[in-house]
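Enquirer: Okay, handing you the structure first.
Every number here is computed from the coordinates shown, using simple stated rules; none is lab data. Keep in mind it's a predicted model, so treat the numbers as computed, not measured. With ideal geometry, Cβ positions are generated from the backbone for all residues, glycine too; neighbour counts draw on all protein chains shown.
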Amino acid sequence: MNILRTVIDKFTAILAWIRKDKIIDINNYDSLVKINLGCGLTVAPDWLNIDGSLNAFVAHYPRFIKKSFFSFSGSSNYYSKNQYINILDNNRFVFHNLSYGLPIGDEKANFCYSSHLLEHLTKHQGEYLIKEIFRVLKPNGLVRIVVPDLEFAIGLYEKGQKKRMLSDFFFVDLDGSYLARHKYMYDFQLIKEALEQCGFINIIRYVYQQGHTPDIEILDNQPEVSIYVEAQKP
């Protein structure tokens with residue numbers, strides 16, 4: 001299985017590099033443009049879901065290909081085959097490695113949502129992605145960023161839960177996909193500073209499923225371990 005995982009990761013990385021400069025045409029949207037970044041399979045109706053996993057890539061293929069891919073996609077740990085196929089069939093996915101930025105033109109989006117993504121990027125890649133979010137948002141556009149809480153992780157250490165802290169926050173899935181590994185961590189002050197440096201204003205820390213972003217009752221998850229922050233483009 002580790003060999004298969006390595007092959008999938010290398011294929012995914014090469015495919016993402018080939019497609020890294022592709023720009024998505026979203027001029028045909030009739031309503032609010034809502035972009036879900038690093039979504040996995042946590043999606044909501046009418047959002048454009050951008051993800052670097054092969055799930056997003058196979059979403060555009062016939063159902064028999066999705067069925068074949070399901071068994072080694074890793075999604076079988078969380079979804080039935082029918083749930084998996086229905087999610088891919090009924091939502092709009094774009095395959096793209098977000099470390100390359102966003103495949104969207106300037107000032108196109110009203111909302112951007114990112115949950116448990118930034119920690120999978122290096123500090124430099126995370127800063128670049130926040131700049132990209134600022135670029136693609138329309139004036140007064142809103143971003144909601146959800147990340148694991150570094151302060152919560154340190155609290156686990158102080159409580160003597162060292163193994164949980166290490167496995168859940170700092171050395172995640174070392175035998176799994178490279179996309180699953182944690183490369184950086186944030187507390188509220190660190191994410192606030194990163195947003196401020198890119199030009200965002202009105203940076204507010206919210207709690208689980210509270211804020212001004214649409215569909216957060218569907219999109220928000222992992223309330224115990226997460227920071228929920230919203231910020232506005234001037």
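Enquirer: Output the relative contact order of region 190-231, whole-number percent, from Cα pairs under 8 angstrom with separation of 6+ residues.
Expert: Working: 36 pairs, mean separation 19.9, N = 42.
The normalised contact order for region 190-231 reaches 47 percent.
Enquirer: If you don't mind, there's one more thing I want to ask. I want to check the label-to-label distance for N27 and V225. Put each point 7 Å from Cα in the C-beta direction and report it in nm to one decimal.
Expert: Roughly 4.3 nm, to one decimal.
Enquirer: Size of the dipole of the chain about the Cα centre, Lys and Arg at +1 and Asp and Glu at -1 on the beta carbon, nothing else charged, in debye to 20?
Expert: With only Lys, Arg, Asp and Glu charged at Cβ, the dipole is about 660 debye.
Enquirer: Okay, moving on. Relative contact order for the chain: what percent, with Cα pairs under 8 Å and sequence separation of 6 or more? Working shown, then result.
Expert: Numbers: 391 pairs, mean separation 48.7, N = 234.
Relative contact order here is 21 percent.
Enquirer: For a quick check: sort E230, E217 by the number of other beta carbons within 10 angstrom, fewest at the front.
Expert: By the 10 Å Cβ count, ascending: E217, E230.
Enquirer: Set the Förster radius R0 to 30 Å, insert the Cβ-Cβ distance between I18 and E127 as r into 1/(1 + (r/R0)^6), and round the FRET efficiency to 0.05.
Expert: My answer for the efficiency is 0.75.
Enquirer: Sticking with this structure for a sec: Shape verdict for region 45-167, please, from the Cα gyration tensor: rounded (a/c under 1.5), prolate (a/b greater than b/c) or oblate.
Expert: oblate
Enquirer: Go through C112, W47, L137 and say which Cα lies farthest out towards the positive end of the charge dipole of region 36-151; charges sit on Cβ, +1 for Lys and Arg, -1 for Asp and Glu.
Expert: Comparing the listed Cα positions along the dipole, W47 ranks first.
Enquirer: Here is a further query. Output the relative contact order of region 57-119, whole-number percent, from Cα pairs under 8 angstrom with separation of 6+ residues. Show your work: numbers first, answer last.
Expert: Values: 21 pairs, mean separation 20.8, N = 63.
The value is 33 percent.
Enquirer: At 0.36 nm per residue, and after removing the present C-alpha to C-alpha distance, how many nm does the segment from D187 to L166 gain when stretched out fully?
Expert: That works out to 5.9 nm of additional length.
Enquirer: For C112, enumerate residues with amide H under 5 Å from its amide H, sequence gap 5+ or separate chain, H modeled in the peptide plane.
Expert: For C112, whose amide H was placed from the backbone, the distant partners under 5 Å are I35, L142, V143, R144.
Enquirer: In addition: Let me make sure I get this right: for region 11-82, a, b and c are the square roots of the gyration tensor eigenvalues over alpha carbons, sorted descending. Under 1.5 in a/c it's rounded, otherwise prolate if a/b > b/c, else oblate. Which is it?
Expert: Working: a/c = 2.00, a/b = 1.34, b/c = 1.49.
Oblate, since a/c reaches 1.5 and b/c is not below a/b.
Enquirer: Starting at the first residue of region 126-132, write each ³J(HN,Hα) from the Karplus equation 6.51 cos²θ - 1.76 cosθ + 1.60 with θ = phi - 60°, in whole Hz, x for Gly and Pro.
Expert: Karplus-based 3J(HN,Hα) across region 126-132 equals x, 4, 5, 5, 5, 4, 5 Hz.
Enquirer: If you don't mind, another one. When the chain is fully extended, how far beyond the present Cα-Cα distance does Y157 get from K10, taking 0.36 nm per residue of separation?
Expert: 49.5 nm
Enquirer: So, one more: How high is the FRET efficiency between N86 and E107 when r is their beta carbon distance and R₀ equals 35 Å, given to the nearest 0.05? Intermediate results must be reported in sequence, preceding the final value.
Expert: Numbers: r = 33 Å, r/R0 = 0.95.
The calculated FRET efficiency here is 0.60.
Enquirer: I want to verify the translational diffusion coefficient of region 118-234 in µm²/s; compute it with Stokes-Einstein, Rh as the Kirkwood radius over Cα pairs, at 4 °C and 1.567 mPa s.
Expert: 86 µm²/s
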